[in-house]
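Worksheet: one structure, shown below.
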Amino acid sequence: MPIDIEQRTKNDPVTAEIMLCAEQCAGRPLNFTEVKSIIWMHEYLGLSADVLLLLLSYCAENKLFQVRTMEKIAVLWQEKGILTKEQA
């Protein structure tokens, strides 16, 4: 599984940019669970890169950079049809 994630970040510039920005938001390298969760939010929930980066930035600024918190917000946004930065 970690090899699959590594290949995604190497082969997909959008995923690579999301991970780079996520590490900047966190102020540290991401752990496997965080990386897996971010990919899940992007690919499964369908959050666009800009909306996902807004979520990560919001969580970091408010000291909420925890996987479960980010996932809860992402699911809520997806359920409410929040698809753009303006809607978020």
Worksheet entry | Portion, in percent, of the accessible area of the chain that falls on carbon or sulfur, probe 1.4 Å | 54 percent
Practice prompt. Find out how many positive minus negative residues lie around ALA16, taking Lys and Arg as positive, Asp and Glu as negative, among other residues whose Cβ is under 10 Å from that of ALA16.
Written response: 0
Fill in: Within-13-Å neighbourhood charge of LEU53 [Cβ basis; K, R +1; D, E -1]
-3
Worksheet, complete the sentence: The summed charge of the GLN87 Cβ neighbourhood (under 15 Å; Lys/Arg +1, Asp/Glu -1) stands at -1
Response to the item:
Scalar couplings 3J(HN,Hα) for segment 62-75 by Karplus 6.51 cos²θ - 1.76 cosθ + 1.60 (θ = phi - 60°), nearest whole Hz, x for Gly and Pro, are 9, 6, 10, 6, 10, 3, 4, 5, 4, 5, 4, 5, 4, 5
Worksheet item: With charges set only on the Cβ (+1 for Lys and Arg, -1 for Asp and Glu), what does the dipole of the chain come to about its Cα centre, in debye to the nearest 20?
Response: 240 debye
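Per residue, how large is the accessible surface of the chain? Use a 1.4 angstrom probe and give square angstrom.
Values: 5460 Å² over 88 residues.
Accessible surface, normalised per residue, equals 62 Å².
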Worksheet item: Rg to Rh ratio, the chain, alpha-carbon atoms and Kirkwood radius?
Response: 0.93
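Can you figure out the FRET efficiency of ALA60 with LYS10, using R₀ = 30 Å and their beta-carbon distance, to the nearest 0.05?
Values: r = 25 Å, r/R0 = 0.82.
According to the calculation, E is roughly 0.75.
For LEU83 and GLU17, calculate 0.36 nm times their separation in residues minus their Cα-Cα distance, and state this gained length in nm to one decimal.
Details: separation 66, 0.36 × 66 = 23.76 nm, distance 1.88 nm.
Using 0.36 nm per residue and subtracting the Cα-Cα distance, I get 21.9 nm.
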Fill in: Sequence-distant lysines (8 or more away, or on other chains) whose Cα lies within less than 22 Å of LYS63
LYS36, LYS72, LYS85
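Provide VAL67, VAL14 ordered by accessible surface of protein heavy atoms (probe 1.4 Å), highest first.
From most exposed to least exposed: VAL14, VAL67.
The values are calculated or read from the model by the stated rules, or taken from the named source; none is laboratory data. What you see is a predicted model, and the numbers here were worked out from it, not measured in a lab. FYI the Cβ positions are ideal-geometry reconstructions off the backbone, even for glycines, and counts take in every protein chain you see. These accessible areas exclude ligands, DNA and RNA; they are computed on the full protein's heavy atoms, side chains included. Shrake-Rupley method; radii C 1.70, N 1.55, O 1.52, S 1.80 Å.
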